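Visitor: Would you mind keeping the following structure in view while I ask a few things?
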Number of protein chains: 2
Amino acid sequence: MAEPLFPAASLVTLRARLNALPGPDEAAAGAARTRQGNLTKPPGSLGRLEDLAIFMAGWQGKERPRIDKAQAVVFAGNHGVCAQGVNPYPQEVTVQMVANFRAGGAAVNQLCRASGAELSVVELELDRPTGDFTQGLAMSEAELLEAMMRGAEALDPAADVLLLGEMGIGNSTVAAALAHATFGGSAADWVGPGTGSDDAGIRRKISAIEAGAQRHAGLLDDPFTTLMAFGGREQAAICGAVLAARALRIPVLLDGYICTAAAAVLARLEGDALAHCIVSHASAEPGQRRLLVHLGKQAVLDMGMRLGEGSGAAVALGVLRAALEAHNGMATFAEAGVSGV
Amino acid sequence: MAEPLFPAASLVTLRARLNALPGPDEAAAGAARTRQGNLTKPPGSLGRLEDLAIFMAGWQGKERPRIDKAQAVVFAGNHGVCAQGVNPYPQEVTVQMVANFRAGGAAVNQLCRASGAELSVVELELDRPTGDFTQGLAMSEAELLEAMMRGAEALDPAADVLLLGEMGIGNSTVAAALAHATFGGSAADWVGPGTGSDDAGIRRKISAIEAGAQRHAGLLDDPFTTLMAFGGREQAAICGAVLAARALRIPVLLDGYICTAAAAVLARLEGDALAHCIVSHASAEPGQRRLLVHLGKQAVLDMGMRLGEGSGAAVALGVLRAALEAHNGMATFAEAGVSGV
């Protein structure tokens, strides 16, 4: 992709620029695969760690990929659909949690420190929630493009891997709406407890999604109009960051359900738009497993987490670093004088 | 347990000393559980990370457990049952891999460096394999007690967590024999490809285990005579280390199938002898999932690994560190001024 994706005057412009998503460097991936076969272990015995190293080699274009700079970004937004009573927490919690991120007190701060990721937070007009999607569009085309650009701009082009997370009271309902629009099924298939909804809260989430799907039925055959229909800004920013990372062949660690559902709207683009993305964990939110099936991806972790913020991506980064340490540091059979089979 | 477990003149002596395994500090675990409920996240939303922090609090006896010193030990042994053609690699690979561990070239070296564990290797008479269990006892009582003592001695009493691993060509057959003797079922239930056996190799493994189970039928109702029957020295050393760690209430990360099967013989002792042990990963070796069911434990990771060496424990240590970082470092709702539900 020769020209930058953003700013884009319209979705027509953006779509035209997305017609040539770069793929991985197959030669580098092949060299990494060969190296794995020569390391002092039975072939394949490091399981997923081997796959992760080869994946990183392909996207970084190096037989021995490295993570010198791991960038984590949490996008925060607010959601008009909270008017439908879809979340037990007050919407002010979004801005309070942003303050907590900035003060270093949230889970993602500790988990990024533990795995060596540089964390930043991008606030997306928290005092101006998206529209209530049961009543109308969540975002105009201009608002969508602006939020996507904020996501793309957040990417550090020098990052060796990008971790994505989100914060936004009510956004598990938005995630479920996006997944339902993208992959079908019933609204209930995609709804879970989120931050802690009871049965009545879950019924309100389902009702809101059904109302939105009915209202926006004509918009749901396209990723971008789907985002306009349901929002939110942080979901759009995640899509912008995923696409910007792809343009630079920077591999991405998606977090849990909300982050994965946001990126998953891009699955309908040409060219396997999520090929450079790893799903960090299979969360406790039941829709995440459905997403994994639809995306044909396997999560790195399965820890019953359901916090968001990028918390699962930060834990998965530690596993990814371990995979690269083994890949880059192990002796070959020849180097170690160990007999092969 | 007032007196040290080892040296023990006989199994009678050892058994008498095992009659009072200490439990976790429930007050510390309770304080940690309360703390988790006050941290700035929906209750339970860090899933397994919360459980791990509370587990560590109980065994360390501190509301805020720490890992300043993580000790990893790989026990290496050789096995007479290799005479039955149960492994495609020559038995010399065990000593070659020990050299590789000492030179820093193996997977476990890289993975311990990545997660901050100090690695040591304990060779258990590699030039004197245990007896072929299809023909007689793998070990005498004296040999068993010696190997268990080597395991107990390896523990650093200052360790905050102990990671256990093993290396020994042929020892997936020993693991399957131990699990079969301990938990029943058919021999085939417990046998998998190990380092890479083909179908004929798997049949030889099953035949060897069936022959051993028949020969030693009278010994299999007791953990220690089961170890004498099948070996090996590294399995006995793992049991010794697990018991020594328990006496000091040091939590343990067991590795994959072979390490877990070794420790699992202790499940038949009184007093939940593995209560202080975490199973690091559900390996690709199919018997590991059966072990988890029998032990009532959930693995931390599920990465399709099947290498042994402590490699999975080293990766799981990174997750455990992440759990403690979140537990110890996060702000409470009150500290951060975030509204609760």
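Each reported figure results from applying straightforward, stated rules to the coordinates on display, with no laboratory input. Since we're looking at a predicted model, the values are computed, not measured. All Cβ positions, glycine included, derive from the backbone under ideal geometry; neighbour counts span all protein chains shown.
Visitor: Hey, rough spin-label estimate for A:D127 and B:D127, points 7 angstrom out along Cα→Cβ, what's it come to in nanometres?
Guide: So the label points at A:D127 and B:D127 sit 8.0 nm apart.
Visitor: For the rotation taking B to A, I'd like to know which residue in chain B has the C-beta closest to the axis, plus that distance in Å.
Guide: B:G318, 2
Visitor: Distance in nm between label sites at A:E153 and A:L248, each 7 Å beyond Cα in the beta-carbon direction?
Guide: 1.5 nm
Visitor: Go ahead and estimate [θ] at 222 nm for the protein assembly as shown from helices alone: -39,500 (n - 2.57) per DSSP H run with n ≥ 4, summed, over the residue count, rounded to 500.
Guide: Rounded to the nearest 500, it is -14500 deg cm²/dmol.
Visitor: Still on this structure, please answer the following. Per residue, how big is the convex hull of chain A when only Cα atoms are used? Give it in Å³.
Guide: So the per-residue Cα hull volume is 123 Å³.
Visitor: List the pair-distance distribution P(r) of region B:121-265, using every Cα-Cα distance, as the percent of pairs falling in each 5 Å bin from 0 up to the bin containing the longest distance, rounded to whole percents.
Guide: Over region B:121-265, the share of Cα pairs per 5 Å bin runs 2, 11, 21, 24, 20, 13, 7, 3, 1, 0 percent.
Visitor: Longer than 27 Å from Cα to Cα, which of B:K41/B:K62; B:K41/B:K69; A:K205/B:K297; A:K62/B:K69; A:K69/A:K205; A:K297/B:K205 are they? Say none if no pair is.
Guide: The pairs that break the limit, which is 27 Å between Cα atoms, are B:K41/B:K69; A:K205/B:K297; A:K62/B:K69; A:K69/A:K205; A:K297/B:K205.
Visitor: Can you check what the net charge comes to around A:A28, using other residues whose Cβ is under 12 Å from the Cβ of A:A28 (Lys, Arg +1; Asp, Glu -1)?
Guide: Around A:A28, the surrounding residues sum to +2.
Visitor: For A:A158, place a label point 7 Å from Cα along the Cα-to-Cβ direction in every copy; what are the distances to the other copies, in nm, shortest first?
Guide: 3.9
Visitor: Here's another thing I want to ask about it. Work through the residues other than A:R268 whose Cβ is under 14 Å from its Cβ and net out their charges, Lys, Arg +1 and Asp, Glu -1.
Guide: -3
Visitor: Once R0 is set to 51 Å, what does the formula 1/(1 + (r/R0)^6) return for the Cβ-Cβ distance between B:V12 and B:R64, expressed as a FRET efficiency to the nearest 0.05?
Guide: 0.75
Visitor: Something else about it: Given a cut-off of under 8 Å on Cα pairs at least six residues apart, what relative contact order in percent is computed for region A:155-312?
Guide: This gives 31 percent for region A:155-312.
Visitor: Counting only GluC sites (Glu not before Pro) that are in a DSSP loop and have at most 16 other C-beta atoms within 10 Å, tell me the longest site-free stretch of chain B.
Guide: Between exposed loop sites, the widest span is B:126-269.
Visitor: Quick one: with label points 7 Å out along Cα→Cβ, list the inter-copy distances for A:G104 in nm, shortest first?
Guide: Between copies, matching label points for A:G104 lie 3.1 nm apart.
Visitor: So the label point sits 7 Å from Cα along the Cα-to-Cβ vector; using that for B:E210, what distances do you get to the other copies, in nanometres, sorted shortest first?
Guide: Listed shortest first, these distances are 5.8 nm.
Visitor: Related question: Mean projection of the alpha-carbon convex hull of region B:201-339 over all orientations, in nm²?
Guide: Its average projected convex-hull area is 11.0 nm².
Visitor: Something else about it: What nm distance separates the two modelled labels at B:T34 and B:R203, each placed 7 Å from Cα along Cα→Cβ?
Guide: Spacing of the two 7 Å Cα→Cβ label points: 6.3 nm.
Visitor: Sticking with this structure for a sec: Share of Cα-Cα pairs in the protein assembly as shown beyond 38 Å, in percent?
Guide: 38 percent
Visitor: What does the charge dipole of the protein assembly as shown about its Cα centre add up to, to the nearest 20 debye, if the Cβ of each Lys and Arg holds +1 and the Cβ of each Asp and Glu holds -1?
Guide: Charge dipole, the protein assembly as shown, about its Cα centre: 160 debye, nearest 20.
Visitor: Most fluctuating residue of B:A106, B:A213, B:A313 in a GNM of chain B with Cα springs under 10 Å: which is it?
Guide: Of B:A106, B:A213, B:A313, the most mobile in the Gaussian network model is B:A106.
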